[in-house]
Amino acid sequence: MNADSTKVERRKLASKPFAKSDRIFFGVARVAAYSSFVIIALILIYLVGRSLPALQKQGLINFTFGSTWNSAATPETFQLGPMLWGSILISIIGVVIAVPLAISIAYFIEFMAPKAIAKAVTTIVDLLAAIPSIVLGLWGAFVFSPIAAGWAKMLNHSLGWIPIFSNPEQNFLRSPFIAGIVVAVMIVPIIASITREIFSQMDRDIINASLALGGNRESTFRKVILPTASGGVIGGVLLGLGRALGETVAVLYVLNISFNINWTDILQARGGSVASMIISKFGEANPSEVSALMAAGLVLFVFTLIINSIASYIVAKAQPWRK
Amino acid sequence: MEKVIDLTPVARPKTAQPWSKKSPKFLISAAAASIIPAAITLAFVGLAGMDFMAALIIVFLPIQVIAAALVGISIYGRRGILESLLVVATIFFSSFVFVLLGSVLWSVISNGAAAISPSFIFQNNYYIQPTTDLGYGGVGHAIVGSLLIVGLSTIITVPLGLATAVYLTETQGKSKGIIRTLLQAMAGLPSVVSGLFIYAMFIASGITTYAGWTGSLALIPLMLPTVARVTEESLRLVPAELRNGALALGAPAWRAFAQVTLPAAKSGIMTAVLLGVARVIGETAPLVLTTFAADRTNLNVFSGQMGSLPTYLFGYIAFGFDASIKRAWGAALVILIIVAILFISARLASRTRTKARK
């Protein structure tokens, strides 16, 4: 350090606000920015505060992973296990269905369609994202469920020997399978728009180079586009997963919520969803059950917070050109 | 100094992309491969009376895949098989999404149109039973309630989101990364959790009973990320020269923002507000937990239960009678129309922006 001390450091050209009005201006902006921090903190504080009685009575581990929910029993038992697993199962089904659809649409928009069609398709996908979930729930319950039950029946008849497609009761309505498809419809636009953005920001020259070297569309997609865009795609998928976990009303109408845990029988008419369970039980809940529902909300919140933070970190990493 | 080769598209003639030329042979065989399988499938459905779904899976897909593979082989040789599979899969999956969206829109519009009438839109739900026929009562109170609740949260959220975006774009703040991550995390907040939070904060603690304003508060965490992010994008699009020019002329930062940056980003901010409103206008779970429902028109957002379109829909689906389901479809159409209006205005606002900037 001492040897270089004669060298003049380059002066930093950022200036501090000196006028009083500017300090107020930047102060307001900072306060507003920190308000998002405050909101998240308040949510945590209040949910923890309200759910403490239930968590203390049930024990955190028992509450999260046990499998009984009975407000009439003495002592009351509130355990979230089947709902938590049900949420995860539905989200997995949703993501598995949504990912190929979303990547296809993104690929179609960016690399296949002529410009005018691509623009129209983008608008349509955005429109799909804007449909409120309760409208999708209504559609799912009265229009889509019978159709999807037909698909489930076909799956069961042709592939029923695989354990996950078995259904001895032959009742195909209100199953995790249908809820998963409805959730997939909700998260396709999320994954598609992020994937499309990543695709559109890719360096066209490496794609053209691959084509010029004799690669065709398929090998270019598999060996150039997908590896380059994988970070963003994974981030988008995780964001979709977060949305799927928190989906409330759309799932409520197409799923038979049952605390009889359903591990993998996706065609059977029982499943779980934390968010839908909260909204369906809230109306008739007594104070101690409300506390348990708060705890369920807390578990859901922490869960989605973790997934979303990882997702946004990955998406940000995948777009190093954005500062 | 290293020699730089100019690779910009201007310097590169169109003929330098031999892979994008299409031979007539390719065009003819591609057309044949896309028409023949569909024709055979239609023949099966139309003439043999096959179930459409079954025909699609058993007849159409295999024939389409084989036809596309044949075209691929004739153009590229054996590696063309995978290429044609990619094309078929892309188009099939994309059209599947369009069919789903089309089904949603069509069922809401056709079922909803049957329920909608002037009385449905302007009357409220007082004295209406779930089985009352559609001649009486409607969603007037719910439209008013939705507008009031969402309006109040817009009034709170927009300044907050705007100031957050200012922090993210105009300042040298050190915690931009954290704030951005938090906003992303908030964007994924389950709506039911937001409702539980406000319920725990105001209603369970006895500060107030169910009221419109608690619903407005519950919508803020859902609306803020959208408004902040879109506003940030539009502020970022304002050229730095404008901003620096104002600063160089001696304007303090707040004046440079208010008189130069803000007008330049005006339409983008309009888009942000509209998209934010569209995001929350159909949110159901938080309102069910915080405003409950009401049958009468309530114009006071600060006291008394308040009906809103999503809670109306929520209630009427739950009743399960034929008449109540019809009302639910009608309310769904009203929500969808509001969302569409917001959405189209947002598009128009952002279009004027891009036009003005050219």
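None of the figures in this text is laboratory data; all of them are computed from the coordinates on show. None of these values were measured; they are calculated from a predicted model. Glycine gets a Cβ as well: all are built from the backbone with ideal geometry, and neighbour counts include every protein chain shown.
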Alpha-carbon centroids, the range B:122-168 and the range A:62-76: separation in whole Å = 37 Å
Separation of the range B:240-315 and the range B:76-105 by C-alpha centroid, Å?
-> 39 Å
State which stretch of chain A is the longest one without any exposed GluC sites (Glu not before Pro), exposure meaning a DSSP loop state and at most 12 other Cβ atoms within 10 Å.
-> A:10-168
Could you work out the mean count of beta carbons from other protein chains within 10 Å of each residue's beta carbon in A:281-290?
-> 2
List the chymotrypsin sites (Phe, Trp or Tyr not before Pro) in the range B:108-155 that DSSP assigns to loop (not H, G, I, E or B) and whose Cβ has at most 10 other Cβ atoms within 10 Å. Which are they?
-> B:Tyr127
Among B:149-159, B:191-201, B:308-318, A:59-69, how do they line up from the highest to the lowest mean number of other beta-carbon atoms within 10 Å?
-> B:191-201, B:308-318, B:149-159, A:59-69
Using only the Cα atoms of chain B, construct the convex hull and provide its projected area averaged over every direction, in square nanometres to one decimal.
-> 29.2 nm²
Quick one: of A:Lys223/B:Lys176; A:Lys115/B:Lys25; A:Lys281/B:Lys176; A:Lys57/A:Lys281; A:Lys281/B:Lys326; B:Lys174/B:Lys266, which pairs are farther than 31 Å apart, Cα to Cα?
-> A:Lys223/B:Lys176; A:Lys281/B:Lys176
Which helices, counted as full DSSP H runs in chain A, have an axial Cα extent of no less than 15 Å and a Kyte-Doolittle average of 0.0 or above?
-> A:20-58, A:81-107, A:115-130, A:145-159, A:176-200, A:226-246, A:287-318
Helix by helix through chain B, keep the DSSP H runs that span 27 Å or more along the axis on Cα and average at least 0.0 on Kyte-Doolittle, and give those back in order.
-> B:24-48, B:80-115, B:140-170, B:212-237, B:322-357
Given H placed 1.01 Å from N in the peptide plane, which residues other than close sequence neighbours of A:Thr77 have an amide H under 5 Å from its amide H?
-> A:Asn70
With the 8 Å Cα cutoff and a minimum separation of six or more residues, the range A:221-323 has a relative contact order in percent of 41 percent
